[in-house]
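The values are calculated or read from the model by the stated rules, or taken from the named source; none is laboratory data. It should be emphasised that the depicted structure is a prediction, and the values quoted were computed from it without experimental measurement. Reconstructed Cβ throughout: ideal geometry from the backbone, glycine too, with neighbour counts over all protein chains shown.
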Amino acid sequence: MHPSKIINSVGVEGGSIELVNGGIEIVNSSRVSEALKSCVAENKTRIAKYLRGDYSPEKAKIDYVNDKLVDFMTNYEVDNPKAIDEFLRANEKVIALIIERMQLLYDKGWQPVESTSNYEHDKTDKLAAEIYQRAVDYGNSRKRRAG
């Protein structure tokens, strides 16, 4: 989920998120549901980057695509699973890249039941960018063939 959506959800519940000593803190946290607090905790790195202005629209797209692919690979419900399946079948190298990225995340403590946000680092970010670019290229090639 995009950090702005999480921040807005916290606001709707009567709280806010602020940067504090390089991290984040929920202000009026007693008003925020435990489920939303958990979501904030799982995405604190992305939220902090967003609040610092270090989260570009391009990075948001990369994260969105990679989050969906990880969800698909770990059997979580995703929008348009058929399209993801077709993409992966047509791009076996991407499967290896996703698995490599997931292993790097796992090595940093990530578990498939949580967001990858707090476990991402330079190597996983480079893999995510490559995976994203391959997805964009695949989508563009399908459009050219259809058009």
Checklist line | Residue within the stretch 20-39 that is in a strand (DSSP E or B) and under 20 Å from the mean Cα position of the chain (by Cα) present | finding: yes
Note to self: Please pick out the residue among 139, 109 that is among the small types (Gly, Ala, Ser), more than 15 Å from the chain's Cα centre (by Cα) and either part of a loop (DSSP other than H, G, I, E, B) or within 16 Å of residue 59 (Cβ to Cβ) (or both).
What the structure shows: 109
Check: Of the residues that make up the stretch 73-84, is at least one more than 21 Å from residue 3 (Cβ to Cβ) and among the hydroxyl-bearing types (Ser, Thr, Tyr)?
Finding: yes
Checklist line | Per-region count, the stretch 46-84, residues part of a helix (DSSP H, G or I), within 30 Å of residue 140 (Cβ to Cβ) and in contact (Cβ under 8 Å) with a residue 12 or more places away in the chain | finding: 17
Note to self: For the stretch 29-61, give me each residue that is surrounded by 15 or more Cβ atoms within 10 Å (Cβ to Cβ) and charged (D, E, K, R).
What the structure shows: 37, 42, 44, 46, 49, 59
Check: If you go through the stretch 108-135 one residue at a time, how many are more than 23 Å from residue 47 (Cβ to Cβ) and loosely packed, with under 13 Cβ neighbours inside 10 Å?
Finding: 1
Notebook entry, point to check: Within the stretch 97-107, which residues are loosely packed, with under 14 Cβ neighbours inside 10 Å and either of a type in the set (D, E, K, R) or modelled with pLDDT under 95 (or both)?
Noted result: 107
Notebook entry, point to check: With respect to residue 94, is the statement that it is among the hydrophobic types (A, V, I, L, M, F, W, C), crowded, with 17+ Cβ neighbours inside 10 Å, over 23 Å from residue 125 (Cα atoms) and modelled with pLDDT of 95 or more true?
Noted result: no
